[in-house]
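*Asks:* Have a look at this one.
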Amino acid sequence: MPVITIIGMTRKIRPKQPPVPAERPETARQEIIHVLTGNTLSARDISINVGVRERDVYDHLEHIRRSLERKGGELVVTPSECRKCGFVFRKRDRLTRPSKCPSCRGQSITEPLFSVKP
Ligand SMILES: [Zn+2]
């Protein structure tokens, strides 16, 4: 059985392959850009569409925002809004949803929405 012998030898010689990383940042970012082009989605929607954990979506969006700006594109953010008093978080730099309204201290706040202008 020469074939089996060769395979057995190859296995011995070849160094152990590192496990395939579960997350491929570049691919995930490409997919996020893809789903956000022409669509306006929340981080949760992106998470479901791309298969990335919601908290990781925000990291990817930060990178995407910077890389789009370098290329003359834009990550368009629809800011969070307080459901109670209507306060809009326009000046917020972070992309995550704020936990509390600075105006009425309400905690019912809409998710920010994202879209890509290439
Ligand atoms: Zn409020």
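*Asks:* Charges only on Cβ, +1 for Lys and Arg, -1 for Asp and Glu: so what's the dipole of segment 48-118 about the Cα centre, in debye to the nearest 20?
*Replies:* About 280 debye.
*Asks:* Could you pull out every residue, at least 5 positions away or on a different chain, whose amide H is within less than 5 Å of the one on N39? Hs are placed 1.01 Å off N in the peptide plane, and Pro or chain starts have none.
*Replies:* V116
*Asks:* So, with a 1.4 angstrom probe, what is the percent of accessible area on segment 75-118 that is carbon and sulfur?
*Replies:* 46 percent
*Asks:* Rounded to whole Hz and in sequence order, give me ³J(HN,Hα) for segment 74-89 from the Karplus expression 6.51 cos²θ - 1.76 cosθ + 1.60, θ = phi - 60°, writing x for Gly and Pro.
*Replies:* With the stated coefficients, segment 74-89 comes to 7, 8, 7, 10, 8, x, 5, 9, 7, 6, 7, 10, x, 4, 10, 7 Hz.
*Asks:* Can you list the aspartates and glutamates whose alpha carbon sits under 17 Å from that of K91, skipping same-chain ones fewer than 8 residues off?
*Replies:* Filter leaves E62, E74, E81, E111.
The values are calculated or read from the model by the stated rules, or taken from the named source; none is laboratory data. As the structure is a computational prediction, the values presented were derived from the model and not from experiment. Note: ideal-geometry Cβ built from the backbone for every residue, glycine included; neighbour counts use all protein chains shown. Remember, those area values only see protein heavy atoms, side chains included, never the ligands or the DNA or RNA. Shrake-Rupley method; radii C 1.70, N 1.55, O 1.52, S 1.80 Å.
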